[in-house]
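The values are calculated or read from the model by the stated rules, or taken from the named source; none is laboratory data. Please read all numbers here as calculations on a predicted model, not as lab measurements. Here the Cβ positions follow ideal geometry from the backbone for every residue, glycine too, while neighbour counts run over all protein chains shown.
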Amino acid sequence: MVRLPLTPAEVARGRRLGALLRRARGERSMLEVALAARVSPETLRKIESGRVATPAFPTIAAIADVLGLSLDVVWAEISEPERGLEPARSPRARERSA
């Protein structure tokens, strides 16, 4: 199976996710969090470093649960539009502004 290259937006989203998880982990060891979330420490390391920009939802849900993060907080962090770029608008919003 061939994977398509990640878009710049996906790479940026992965970096924001990694930064959020590192902040939430604080002083806890990566090993402790990974084992509690039932993921490999290598997986957690790759997510935190942004090397895995699009991890599986169950993986993120498990890590967020261990770290005490709501999925709403995770979503708000990773879906934040890039600074300097206008957020995508719905077709209805575009019609109103035309």
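Here are some conditions: (1) small (Gly, Ala, Ser); (2) without any contact (Cβ under 8 Å) to a residue 60 or more places away in the chain; (3) surrounded by 13 or more Cβ atoms within 10 Å (Cβ to Cβ). Ala12 meets all but one. Which one does it not meet?
Answer for Ala12: the failing condition is (2).
Any chance you could count how many residues in the range 47-60 are within 20 Å of Trp75 (Cβ to Cβ) and part of a loop (DSSP other than H, G, I, E, B)?
6
From the list Leu44, Leu17, which residue is part of a helix (DSSP H, G or I) and touching a Leu at 6+ places or on another chain (Cβ under 9 Å)?
Values: Leu17 fails: touching a Leu at 6+ places or on another chain (Cβ under 9 Å).
Result of the check over Leu44, Leu17: Leu44.
Sort out which residues of the range 41-83 are polar (S, T, N, Q) and either loosely packed, with under 13 Cβ neighbours inside 10 Å or in contact (Cβ under 8 Å) with a residue 24 or more places away in the chain (or both), and write them in order of number.
Listed by number, the residues that qualify are Ser49, Thr54, Ser70, Ser79.
Go over the candidates Val33, Val39, Val66 one by one and state the one that is outside any helix (DSSP H, G or I), out of contact with any Phe, Trp or Tyr (no Cβ under 8 Å at 6 or more places or on another chain), over 20 Å from Ala12 (Cβ atoms) and aliphatic (A, V, I, L, M).
Residue meeting the stated conditions: Val39.
Within the range 44-98, can you find the residues that are among the basic types (Lys, Arg) and either at pLDDT below 85 or more than 12 Å from Leu17 (Cβ to Cβ) (or both)? Steps first, please.
Looking only at the range 44-98, we keep the residues that are among the basic types (Lys, Arg), and these are 45-46, 51, 83, 89, 92, 94, 96.
Once the filter is applied, which keeps residues that are among the basic types (Lys, Arg) and either at pLDDT below 85 or more than 12 Å from Leu17 (Cβ to Cβ) (or both), the range 44-98 yields Arg45, Arg83, Arg89, Arg92, Arg94, Arg96.
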